[in-house]
1. How would the range 210-330 be classified by its alpha-carbon gyration tensor: rounded, prolate or oblate, with rounded meaning a/c under 1.5 and the a/b versus b/c comparison settling the rest?
2. Where is the GNM fluctuation largest for the chain (alpha-carbon springs, 10 angstrom cutoff): GLY53, GLY240, GLY31?
3. How much FRET efficiency would the formula 1/(1 + (r/R0)^6) give for GLU165 and VAL249, where r is the Cβ-Cβ distance and R0 is 25 Å, rounded to 0.05?
4. Write out the cysteines belonging to the chain for which the nearest other cysteine Cβ is not under 4.7 Å, or none if no such cysteine exists.
5. If each residue of separation counts as 0.36 nm, what is the full-extension length gain between SER183 and ILE326 once their alpha-carbon separation is subtracted?
6. How far is helix 287-355 tilted, in degrees, relative to the longest principal axis of the Cα atoms in the chain, given as a value from 0 to 90 rounded to the nearest 10?
7. Could you compute the FRET efficiency for ARG262 and ARG336, with r as their C-beta to C-beta distance and R0 at 51 Å, rounded to 0.05?
8. Need one word for the range 37-97: rounded, prolate or oblate. Basis is the Cα gyration tensor (sqrt eigenvalues a ≥ b ≥ c); a/c below 1.5 gives rounded, then a/b vs b/c decides.
Amino acid sequence: MTLHDLGLCPFFSDQVPEEAPIARILSEHRGALLACTGRSTLTLAAHEVASVGDWVLWEESLYGPRVSTVLERRSFLQRTAAGAFDRKQVVAANLDHVFVVTSLNRDLSLNRLERFLVATASGGIPATLILNKADLGPHQAQLEAMRPLGAPVIATSALSGLGMEQLKACLSPGRTAGLIGMSGVGKSSLLNAVAGLELMDTGGIRESDARGKHTTTRRELFVVPDQGVWIDTPGMREVGLTQDADPSVVFADLEALAASCRYRDCHHDGDEGCAVDAAIDAGTLSDRRVQNWFKLQRETDRAVRRHAAATQRVEARRRKAALGAIATREAWEERREQKREQLRRRRDTKQRARRS
Ligand code: GDP
Ligand code: ZN
C-alpha cells in the first residue's frame, strides 16, 4: 500500500520535512493509537490531540514510538465531549466526504440529520444523506422528506446492493470518506458492501499495544481498493454542537428568507411582514425546520457563551496565580529586608559593646 492510497496528498506532504517518518492514525484504543505507515502498522502512545484520520510524524522514545507532530488538518468532525460541554472532541480528522446514515426501520429524525449536517459543514466537509435498508419496504416518502435538508440523498441497501453505484461515485482512490449515524443503521454493512469484503465482521483485530501486550483493536480507518479511504465512526446518537459550529451553512435558505422580512430585528414568530412565517403559511417551508434552526442557533450561542466563560475562568486563575507569585515574592523580599535589618542591629550592638 502506498501513502497515496492512505490519502496522502500535497496538503500534508508539504508540511513534512524530508525523510521524516509519517503515519496515519487508524484507531484509538485504551490509551494507544494504531497507525499505518503505508508499509506496516505500528502502535503509538496515546496523544492528547491526534485522532483517527490524523497524519502524524512519529519518533522512537524510551517508552516506545510516539507522536512528535500532528500535521495541520484539512478538515475535521468535532462535537462536545460527553459530559463536558466546554470540551471539544474530534471524532475524525481529514475527511473529504461524509455519509450521514439513517435507516428505513427507524423513525426518521430530520432534526437529528440536520444537526449532523451542521457538524459536518462546520468542519468543512461536504455530506451526503443515506437512507439505508431501503430493501425493507417503500421509502419514497422518507426520501422526499429528506430532500429539503439541502444535501444529496441516496437510498441504499447493503443487503441488495441498491444505491451502491451512486455511493461509490462519491469516492475515489486517495480520498477519505466518513460514515456517521446511530449504531445499527448499517454503517459497517455499507462499508462491507462497498469493499466487497467482510472488513468489519472480524470481531476486531489483534494488535500489540505500547507495552507489547496483545489487545483487540477495533479498526476504524480502512483502505478499500479503488474506493479510497473509509472511516467508520462509532455509533453516535447525538453530536453536541461546539462554539465553532455555524448552523447558517445548513440553513442558508432560511437566512436568505429572513433577510427579506420587513423588520431587521424580526423574530419570525408572528411578526408583521415576516417572510419566514409567510413561507410556512404558503406550505413551502416546514415549521419543524424553522424550529430546529432556532434550536441549533440557541445551542451554538450557548456553546459560544460557555466557551467565553471558560476562557475567562482560565484567564482569572492565571492572573490570580501570577498575583500570588508577586505577593509571595514581595513577602519574601520583606522578610529578607527584616533579617538584614536584624543582622545590622546585632552588628551595631556588638561594635558598640567592643568600643565601650
Ligand atoms: P452499524 O452499527 O451502523 O455499523 O450497523 P451494522 O452494519 O452492524 O448493521 C446493523 C444490522 O442491520 C445488522 O443486523 C445488519 O445485518 C442489518 N443491515 C445492515 N444493512 C442493511 C440493509 O441494507 N438492509 C437490511 N435489511 N438490513 C441491514
Ligand atoms: Zn421574520
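Every read-out reported here was derived from the displayed coordinates using simple, explicitly stated rules and does not represent laboratory data. On a predicted model such as this, the values are computed, not experimentally measured, just so you know. With ideal geometry, Cβ positions are generated from the backbone for all residues, glycine too; neighbour counts draw on all protein chains shown.
1. Because a/c hits 1.5 or more and a/b fails to exceed b/c, the range 210-330 counts as oblate.
2. GLY31
3. Calculated transfer efficiency: 0.30.
4. So far as the 4.7 Å Cβ criterion goes, CYS9, CYS36, CYS170, CYS274 stand without a partner in the chain.
5. 46.1 nm
6. 10 degrees
7. For ARG262 and ARG336, the calculated efficiency is 0.10.
8. Because a/c hits 1.5 or more and a/b fails to exceed b/c, the range 37-97 counts as oblate.
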